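What follows is a set of notes on a single structure, which appears directly below.
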Amino acid sequence: NGYYYSYWVKCLHSSRDFSDMVLVLNYNFNKDVYVQFNSTVGYYVGYTAYGVRNAEVWNNDTADLQEWRAAVET
């Protein structure tokens, strides 16, 4: 009877030296991803109309983008 909102951040890799590390940040609503940041791409991508609007706003925040791009190194 309610709504389900969540987000998660994951670092994915397949090598032992972490040289192929990818950081993925997903925003979910009712278990569907509506916007995602992927460090390989380097910016937010919206998958719904609401997600596209959010991605446009968040992609204009260069400080936030730089922070997430750098997070994969830590």
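The values are calculated or read from the model by the stated rules, or taken from the named source; none is laboratory data. Remember, predicted model here, so these are calculated numbers, not experimental data. With ideal geometry, Cβ positions are generated from the backbone for all residues, glycine too; neighbour counts draw on all protein chains shown. The area values use the complete protein model at the heavy-atom level, side chains included, leaving out ligands, DNA and RNA. Shrake-Rupley method; radii C 1.70, N 1.55, O 1.52, S 1.80 Å.
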Result of the Cβ filter at 7 Å on the range 44-57, keeping first residues that are more than 15 Å from K31 (Cα to Cα) and partners that are assigned to a helix (DSSP H, G or I) and at pLDDT below 95, at least 6 apart or interchain, is none
Inspect all residues belonging to the range 6-28 and state whether any of them is in contact with a Gly (Cβ under 6 Å, 6 or more places away or on another chain) and open to solvent by less than 30 Å² (accessible area, probe 1.4 Å). no
Condition set outside any helix (DSSP H, G or I) and in contact with a helix residue (DSSP H, G or I) (Cβ under 8 Å, 6 or more places away or on another chain), scope the range 44-58, selection nearest to E73 (Cα to Cα): answer is Y44
inquiry  = One residue is enough: does the range 30-37 have a residue meeting the conditions surrounded by 12 or more Cβ atoms within 10 Å (Cβ to Cβ), of a type in the set (F, W, Y) and modelled with pLDDT under 95?
reply    = no
V35 passes all but one of the listed conditions (1) part of a helix (DSSP H, G or I); (2) free of Cβ contacts under 8 Å to residues at least 24 places away in the same chain; the exception is number (1)
For the range 6-43, the count of residues that are in contact with a helix residue (DSSP H, G or I) (Cβ under 7 Å, 6 or more places away or on another chain) and not hydroxyl-bearing (S, T, Y) equals 5
The condition of being in contact with a Cys (Cβ under 7 Å, 6 or more places away or on another chain) and either free of Cβ contacts under 8 Å to residues at least 60 places away in the same chain or in a strand (DSSP E or B) (or both) holds, among L65, L23, only for L23
